[in-house]
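Please treat every number below as a calculation from the coordinates, not as lab data. Note that the structure is a prediction, hence the values are computed from the model and not measured. Positions of Cβ are generated from backbone atoms using ideal geometry, with glycine treated the same way; all protein chains shown enter the neighbour counts.
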Amino acid sequence: MSSHDTLGAPAEDVEIPFSILDTDLYKFTMQYAVLQHMPDAHVVIRFTNRSPEMLFSRTTFNWAQERVNRLSTLRLRSSERSAFANACPYFPDSYLDYLSRISLDPEHQVKMQFHPKSENGSGEISIQIEGPWRDCILYEVPIMSILSEGYFKFDDTDWNMDDQREQARRKALDLLSPPGGVTPLVFSEFGTRRRRSFHAQDIVMRGLMDGYEEWQKGGGKGGALAGTSNVYFALKYGLKPAGTIAHEWIMAIGALYGYKGSNGRAMDMWEQVYAAHATPPPLTMLTDTFTARAFFVDFTSNPERAMRWGTLRQDSGNPRTFVSLARDAWKEVESRAGSKREDGRIAVGKRIIFSDGLDVDKAIELQKLCDELDMGASFGIGTFLTNDFRKASNPSQISKPLNMVIKLSQIDGKDCVKLSDDKGKYTGNLDEVKRVQRELNLPHDHEEKQRG
């Protein structure tokens, strides 16, 4: 593909990987922050298949290996640069220059192995990524999307694209026109990592745009298709790139600097990178890296800082409990910061973004709850949009998506962990998990089955 046609290329003609922008925005915002604070940090990152019954063929492995090796060719093209800079004005020219010169080295940094497990030759794939964090941070999203596309290209072919655009249009209309007086939803597409294929995601984006435009033409107000986490599709369809921080930023800071106060430290270090810019990215904090309980201790400890972070992201646990905790925390920090409203309402601009395994019904139920509590809400919806398929042979049956994660395992020789608000679930070495829980005065409760 020439350097002039990436944003206008027909999706059905695209072979991944083809653009460095075909990834989630937070990979770039975090990469720039890593370059400022930890440019020499060395990381180990590992892949986990949470659906071990869904095995890969050697054909898929070989195809994926070849595609992963092609990641070495990706860098920011001159034809993409101006659109990227306009959409994300907080990135300086020096960072855009870095992306224009970047040269990933997957043949040395990404170790992929195939492990046969069945009589027909199918098996598991193990992946370990190791190298400078400043570059290895970019591997997660494209590798996951490559694995998913390969699996559904070679191993599970009992599906088709029929009605995908119409299905996405209906979902958008359902979210924008909820029943019973519920506020129309503000939502973004978050499905790049676990999409069925690049082409499928493009069709879904078209369907979402169809529904949004139809709703607007009908006089709809209040809701929105607010954007997509995928920078390429945001630029292609004139949407806002969405997202700022992932778990790995907070996991790394906890491992390097200690876990007490790690959420606050992660926010402070982020602001040191972006706050001085005239148009910084929205300050959106992920709350469950070391549990919401630990997060809110840090959050309420500095009311002035808390007031600047206008959005909290709920990604695990009981969302109803979280909404109440967030509402109480914001009221506390407003009071302590001297900005408490006399009518008792939460300050304008404070909201929760929900992103934990959402579908239309769950999202509408959470919007209704937030309406009742006078809390702002938005929604990041992923797999339900980009990998919602039925079996071609029996449309009454779901064609299951892969369930996989790629998570930070070590930084500069220190183990990284992620706790969760899902009871008993964690990522990382169990002994380190227990040590972190003791340090943060959290209850000990574990399951052998890990979750990313």
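With Rh defined as the Kirkwood radius, the inverse of the mean 1/r over Cα pairs, the Rg/Rh of the chain is 0.94. Note on segment 164-390: dipole from Cβ charges, positive end direction compared against Met267, Trp215, Asn318; the farthest Cα belongs to Trp215. Cα centroid separation, segment 221-291 to segment 379-426: 19 Å. Taking max minus min of the alpha-carbon positions on each principal axis, segment 371-452 gives extents of 50, 39, 25 Å, largest first. When the charge dipole of the chain is built from unit charges on Cβ atoms (+1 for Lys and Arg, -1 for Asp and Glu) and taken about the Cα centre, the candidate among His42, Thr192, Met307 whose Cα reaches farthest toward its positive end is Met307. For segment 133-193, a simple Cβ point-charge model (Lys and Arg +1, Asp and Glu -1, everything else neutral) yields a dipole of about 320 debye relative to the Cα centre.
For segment 164-390, a simple Cβ point-charge model (Lys and Arg +1, Asp and Glu -1, everything else neutral) yields a dipole of about 280 debye relative to the Cα centre. A simple spin-label model places the labels of Gln397 and Ser82 5.2 nm from each other, with each point 7 Å out along Cα-to-Cβ. Look at the dipole of the chain built from charges on Cβ: of Thr383, Phe296, Phe56, the Cα furthest out on the positive end belongs to Phe296.
Think of each Lys and Arg Cβ as +1 and each Asp and Glu Cβ as -1; about the Cα centre, that makes the dipole of the chain roughly 600 debye. With kT/(6 pi eta Rh) evaluated at 37 °C and eta = 0.692 mPa s, and Rh the Kirkwood radius from Cα pairs, segment 164-390 diffuses with a coefficient of 179 µm²/s according to Stokes-Einstein.
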